[in-house]
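These notes are about the structure you will find just below.
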């Protein structure tokens, strides 16, 4: 069937929502296509009544039904739980990771000497020199002057 | 005919109805607005009265949208849970019924998105208590059952938004404006979805041979 451009206006009229009832009525008198469309809509509405019937919740079952609703109302809110657990774990992992990073990379502090290098020579008068090799293959040299200045 | 007689006749014709007219006739029955106001302050008895009043409407709409009674039972309880939690936000701009229908439509839409149902639950479509009244001829009863299953299947095959539009108009009988409030969209969108839903269902029924092409002179 060819569609008529009045189809949507006819549909509004069929649903009782039209503001141009007279015009639609006149058109229906002239347009077999739209009359056929109205017949289809009527048939569809009749069929919809077939599936429209539905047994509700009878009075005898209402106490169980209402108990189910009360149970849901009183149940503790759970949707935060998962989120908080994940956030806590993530924060803990971040703290541990950051701490580990600091420990491993270290900071510029006085090198702890593990061994004294056998001999170091200096040409600075009156100064004594001590040198130590650090844990990471580096060497730390301490130069002491007579008045203790380093 | 007196008001009381009219009311009795009306109630006998619609025993499951629980509408505003019934409440007007029963002077002790508070309005939705009154009950909602009391429920907002924590009055559980008022909330229970609202549940009792609208349980069938909510259940039926859930069933028509998702197609299974078991799911409709759970979903309708969820709807009332959401309504209870959202009572503080209910300002009375729309009627309580429309507000509740909106929660129902949204809840069913979310449920269907998760389940991505595209097939009908045939056991629900073929339930004898939902079929048309039994015909004296068994073959006509079978035919009626088949038509019921076919149209239920065609409705369930629609997307949630188109299914909602069709159910709200053809089964719940809502006006376009009320549909727009329930579906949270414009009037134009309501008309467009309804038009599309009708076309799709009609095409499905044609394919199955349930209806014939209309040639009107």
Starting with the fewest neighbours, write out B:104, A:100 ranked by other beta-carbon atoms found within 10 Å of each beta-carbon. A:100, B:104
Hey, got the average number of other protein chain Cβ atoms within 10 angstrom for residues in A:41-49? 6
A:88, B:76 arranged by Cβ crowding within 10 Å, fewest neighbours leading: A:88, B:76
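Bear in mind that the values in this text are calculations on the coordinates, not laboratory data. None of these values were measured; they are calculated from a predicted model. Ideal geometry is used to build each Cβ from the backbone, glycine not excepted, and the neighbour counts take in all protein chains shown.
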